[in-house]
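Quick note: the coordinates plus some simple rules give every number you see, no bench work behind them. As the structure is a prediction and not an experimental result, all values here were calculated from the model. Cβ coordinates were reconstructed from backbone atoms using ideal geometry, including for glycine residues, and neighbour counts include every protein chain displayed.
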Amino acid sequence: MVTNEQRESAFLWTLDLLNEGVVALPLVSQDFSPEDWAFVFEGLPQDLRFSLWKALTEDKKSSILAAMRDDSREQLISLLSNQNLEDVALASSTEQLVEILDVLPKRVVNGLIKKLSPADTEELEYALNYSEEQLGRYVNHDVYSVNKSAAVGETLAELKLEDLPVYTDSILVVDDSDHYLGQIDIKLLINSPKDTNVLQLAEFSDHVLAADMTLFDASESVKNCGRSMLPVLDKSGRLLGRFTIKDAIDVYQEYYEEQLSHMGRVSDEDLFAPVFTSARRRASWLGINLITAFAASFVIGIFEEVVVQVVALAVLMPIVASMGGITGSQTLTLTIRGLATGQLASSNLKALGNKEVRVAFLNGILWALVVSAITSVWFDNPWLSVIIAIALIVNMLIAALSGIFIPVLLDRMGIDPALAGSVILTTITDVVGFFVFLGSASLLLI
């Protein structure tokens, strides 16, 4: 197994070779998995990716392309000719083809479908009936199954003749129409009498996956079942394939990478995406942030006369906004994690709200006392101390509530809370904080 250190060393080594014009890579690097090669490709500038791509053998290309992240894969595909893409697609398994089909040019897809075998076409069409979030679209067809009429002896004889797929800890039993009947632990199969019918040993448990469930839910089921794989069934109970612990890890990795990248508003962006592509994608979020900044500035503008007369207000305003923003971000992060793990639902939402409001109130009191004391010493104005204390408490309470209800509402609307939540939260805490602070000042100081 290739370690992270080896992957990073290979990346740096490959980068040096390509920069020197060397494209005939030594055989040792050919032992990399598709995921390792994807790691190397995603760390290379566009021109070097093409050089490395040409140096690879054809049998590796489809699996590498399927293993790459969406945007990196799309950028690499843009460098390849239609004929090159068609050759890669024809060498792909159904699972790999489903991964890359959406980013292939329509002309390539149309030509490709005509060249696929009837069996591959049927598998592909069936997979595309499911959405990008559903398990049925990405089901792993590399599964070992036996007919219910088989005996233990003949099953074991067949097992000696062919290699079992990795992450196989049980044999799946099906009927003549491929309907799932149960599974047999391999240890039990080996230790059973040779003339025993496999159906007698098959155990049908609740640990099966429906093809229309989400990838994340399927990953949770595999993680909690204690097995290395689970069978995937359609609505009629027909066995489609399996979902392994490796598949689940891939889903988790992709999910949490998305959460991290969303925090920076760059989503799945390729490291070396074209300059104009990156600029266009980020411009929309910069525009949204600009609108929210104008909203906060508008509130300040309403109380312009107060700020002019009491200069200390301008000095203290960032404190109110910052404390509210941090309070809201803490609650927002907690809420998004609860939604992502399935621990937060309608049944316990109110309880979480009550808890977070109490936490915000206690912290509001504590830091309001600290800030008001510093303000009193700094500006020698007791009314100013009262105003900033009130503003801090109110803003932190509103921030805590917003940190819960913003991600919940966005999630119900089908919008990623990690992507949009913090922008909305910042607007609310800035506007509320400035309004309460400057509004109180206009009533008490002027």
Among 420, 38, 126 the positive-end extreme of the charge dipole of the chain (Cβ point charges): 420
Any chance you could run the full-extension gain for residue 197 through residue 132? It's 0.36 nm times the residue separation minus the Cα-Cα distance, nm to one decimal. 19.5 nm
Can you tell me, using C-alpha contacts under 8 Å and at least 6 residues apart, the relative contact order of the chain as a whole percent? 12 percent
Need the list of aspartates and glutamates near residue 114 for cross-linking: C-alpha distance under 20 angstrom, and skip anything on the same chain fewer than eight residues off. 86, 87, 95, 99, 102, 122, 123, 125
Would you calculate a helix-derived [θ] at 222 nm for the chain, using -39,500 (n - 2.57) for each DSSP H run of n ≥ 4 and dividing by the full residue count, to the nearest 500? -21500 deg cm²/dmol
Between residue 56 and residue 109, what's the calculated FRET efficiency when r is the beta-carbon distance and R0 is 22 Å? Round to 0.05. 0.45
Dipole axis of region 313-429 (+1 Lys, Arg; -1 Asp, Glu on Cβ), positive-most option in 385, 335, 320: 335
What nm value, rounded to one decimal, do you get for the distance between residue 93 and residue 445 when each label is placed 7 Å out toward the C-beta? 6.8 nm
How far apart, in nm, are two points set 7 Å out from the Cα along the Cα-to-Cβ line at residue 154 and at residue 383? 9.7 nm
Gain in span if fully extended, residue 366 to residue 223, counting 0.36 nm per residue against the direct Cα distance: 47.3 nm
Lysines within cross-link reach of residue 223: Cα-Cα under 28 Å, excluding same-chain residues under 8 positions apart? 187, 235, 246
When semi-axes √(5λ) of the Cα gyration tensor in Å is calculated directly from the model, which label among [x] 40, 35, 20; [y] 37, 28, 17; [z] 55, 30, 19 fits? [z]
Efficiency by 1/(1 + (r/R0)^6): what FRET value for residue 236 and residue 121, r their Cβ-Cβ distance, R0 = 22 Å, to the nearest 0.05? 0.60
Pairwise FRET efficiency - residue 291 versus residue 214, Cβ, R0 = 45 Å, nearest 0.05: 0.85
Among the lysines, select those whose C-alpha is under 25 Å from the C-alpha of residue 115, and discard any that sit fewer than 8 residues away in the same chain. 54, 60, 61, 106
Unit charges on C-beta of K, R, D, E only; dipole of the chain, Debye: 1420 debye
